[in-house]
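This report concerns only the one structure given below.
The values are calculated or read from the model by the stated rules, or taken from the named source; none is laboratory data. None of the values given here were measured: they were computed from a predicted structure. Heads up, the Cβs are rebuilt from the backbone with ideal geometry, glycines too, and the neighbour counts pull from every protein chain shown.
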Amino acid sequence: MLDLLYIHWNADPVLIHIGDFSLRWYSFGFLFAFIFGYLILTRMFKQQNVDVRHADALVVYMFLAVLIGARLGHCLFYEPGYYLTSDHWWEMIIPISDGHFTGYQGLASHGAAVGILFALWLFYKQKHINTWWVLDRICIVVALGGAFIRFGNFMNSEIWGYETTVPWGVIFERDHSAGPNPRHPTQLYESVCYLILFVVSLLVYRKKRGDLHNGRLFGWWLIALFMIRILLEFTKVRTVDLGNSFFSMGQWLSVPFVLLGATLVVMSHKGLLHEGIYTEGYQPPKETKKKK
């Protein structure tokens with residue numbers, strides 16, 4: 001009788017089946033986030049009179065950074081015992097196991113964050129656009145991407161939380177390792193929180209009409225995002241055994257980002273971050289001549 005109070009979840013993780021091809025909700029959310037994010041960034045660049053071709057290049061950098069960084073982050077942070085072996089190291093790059101294509105099912109947001117920072121450094125070296133200016137805008141769409149990806153995790157019936165008696169507890173019937181008891185839908189907790197962070201960040205940006213002190217919005221965004229991660233990790237089943245550690249792997253990896261965010265906020269208030277859009281060495285993209 002008590003089972004009727006809970007949500008029985010057994011959704012198909014695949015959105016579309018076409019012959020041997022299948023598109024998962026997770027992959028759809030990942031792609032949709034980039035498309036929607038591109039539209040938002042393009043609008044921001046136009047409003048600031050920045051050549052939209054820079055937005056095109058930035059999205060390519062971000063796509064590769066998130067995919068590579070998140071994949072390597074999962075493999076190295078959460079399953080090093082499997083991937084750092086002579087038999088499986090190549091699966092980090094080519095996701096084929098036992099002759100079957102498995103896809104990039106293991107993705108870690110902390111690895112994606114490191115990948116994004118590295119990609120932005122490369123973007124700056126090539127384009128000479130102020131990294132802090134870019135970060136204040138890219139963080140907004142990253143929050144939206146996080147919301148879609150965590151919803152994809154829910155559709156995959158993965159990354160669930162501890163057993164619970166709350167009325168919104170979910171029984172993940174598709175994943176037998178979750179057991180028969182209801183669990184915290186931590187994927188939805190994160191998805192909703194990231195969506196709220198996206199809306200709040202966008203409202204702040206629009207209220208200021210893009211006239212922000214470089215690095216300040218990004219700093220507060222880092223604090224908010226990774227504090228969310230730290231708090232919600234208390235409801236999530238640990239995937240890495242750290243013994244009697246009070247924090248999980250995800251929480252320990254979140255602490256440096258919270259400290260970085262606080263440092264950036266202080267530096268922004270003290271005027272220690274370079275203002276403006278462009279840096280020394282910037283050159284506008286060359287106009288392409290149209291064929292007659």
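Assorted remarks:
- Failed criterion for residue 240 (all others in (1) in a loop (DSSP other than H, G, I, E, B); (2) more than 21 Å from residue 109 (Cβ to Cβ); (3) touching a residue at least 24 places away in the same chain (Cβ under 8 Å) hold): (2)
- Annotation note: Cβ proximity below 7 Å between a residue of the range 218-229 that is surrounded by 21 or more Cβ atoms within 10 Å (Cβ to Cβ) and a residue that is among the acidic types (Asp, Glu) (sequence gap 6+ or interchain) occurs for 218/136.
- Residue within the range 103-110 that is at pLDDT below 95 and part of a helix (DSSP H, G or I) present: yes
- For the range 29-54, a tally of residues being more than 16 Å from residue 141 (Cα to Cα) and aromatic (Phe, Trp, Tyr) returns 0.
- Restricting attention to the range 128-172 and to residues that are closer than 22 Å to residue 225 by Cβ and among the β-branched types (Val, Ile, Thr), the residue that is surrounded by the fewest Cβ atoms within 10 Å (Cβ to Cβ) turns out to be 159.
- Filtered residue count, the range 60-90, keeping only those that are among the aliphatic types (A, V, I, L, M) and over 16 Å from the mean Cα position of the chain (by Cα): 2
- Residue pairs whose Cβ atoms lie under 7 Å apart, sitting 6 or more positions apart in sequence or on different chains, and linking a residue in the range 172-187 that is of a type in the set (Ser, Thr, Tyr) to a partner that is surrounded by 14 or more Cβ atoms within 10 Å (Cβ to Cβ) and assigned to a loop (DSSP other than H, G, I, E, B), are 186/159; 186/160.
- Counted residues, the range 20-39 - those being under 23 Å from residue 159 (Cβ atoms) and in a helix (DSSP H, G or I): 12
- Here residue 246 does not qualify as at pLDDT below 95, in a helix (DSSP H, G or I) and out of contact with any Asp or Glu (no Cβ under 9 Å at 6 or more places or on another chain).
- Single residue of the range 230-268 satisfying the filter (under 19 Å from residue 75 (Cα atoms) and aliphatic (A, V, I, L, M)) that is surrounded by the fewest Cβ atoms within 10 Å (Cβ to Cβ): 242
- With respect to the conditions (1) part of a helix (DSSP H, G or I); (2) modelled with pLDDT of 90 or more; (3) within 27 Å of residue 13 (Cβ to Cβ); (4) touching a Phe, Trp or Tyr at 6+ places or on another chain (Cβ under 7 Å), residue 157 falls short on a single one, namely (1).
- Any hit, the range 190-210, residues being buried (at least 18 other Cβ atoms within 10 Å of the Cβ), at pLDDT below 95 and either touching a Phe, Trp or Tyr at 6+ places or on another chain (Cβ under 7 Å) or on the phi < 0 side of the Ramachandran plot (or both): no
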